[in-house]
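To keep things clear, I will list the structure first and then write my remarks on it.
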């Protein structure tokens, strides 16, 4: 298995890229595509930028893609920023819901 760092991963788009530390057998050092299905198979919920992973790859549609993935080390700073952004989005959504309820008055279907 090769080792590398997560360059970026977008959970909404369900894909991202890993920058390998070493070239593969063919001498290729290109970034490797990672799909959410590889995370699901490895029972990993999410990836953050700069997480260190081990992976196996294969060529699919002419590009390198991760087939097997293993999380080695989380980047705690990236994880903290991710959690802060998530909490901020939740607060914004909750604020919008409250403003909508005030604007339209009492919603009889909600108890």
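What follows draws every value from the coordinates through simple rules; no lab data is involved. Worth saying up front: this structure is predicted, and the values here are computed from it rather than measured. No Cβ is skipped: glycine too gets one built from the backbone with ideal geometry, and neighbour counts run over all protein chains shown.
So what's the back-of-envelope 222 nm ellipticity for the chain, counting only DSSP H runs of four-plus at -39500 (n - 2.57) apiece and dividing by all residues, rounded to 500?
Numbers: 2 runs with 35 residues, N = 111.
The per-residue figure over the chain is -10500 deg cm²/dmol.
May I ask you to derive the relative contact order of the chain, considering only C-alpha pairs under 8 Å and at least 6 residues apart, and to give it as an integer percent? Display every interim value, and only then the final one.
Numbers: 169 pairs, mean separation 23.9, N = 111.
Answer for the chain is 22 percent.
Tilt of helix 76-104 relative to the longest C-alpha principal axis of the chain, in degrees (0 to 90, nearest 10)?
30
At a Förster distance of 30 Å, what's the computed FRET efficiency of residue 37 paired with residue 5, Cβ-Cβ distance as r, to 0.05?
The computed FRET efficiency comes out at 0.90.
Counting pairwise Cα distances across the chain, what percent come out greater than 17 angstrom? Could you put the intermediate results ahead of the total?
On the way: 3682 of 6105 pairs.
That fraction is 60 percent.
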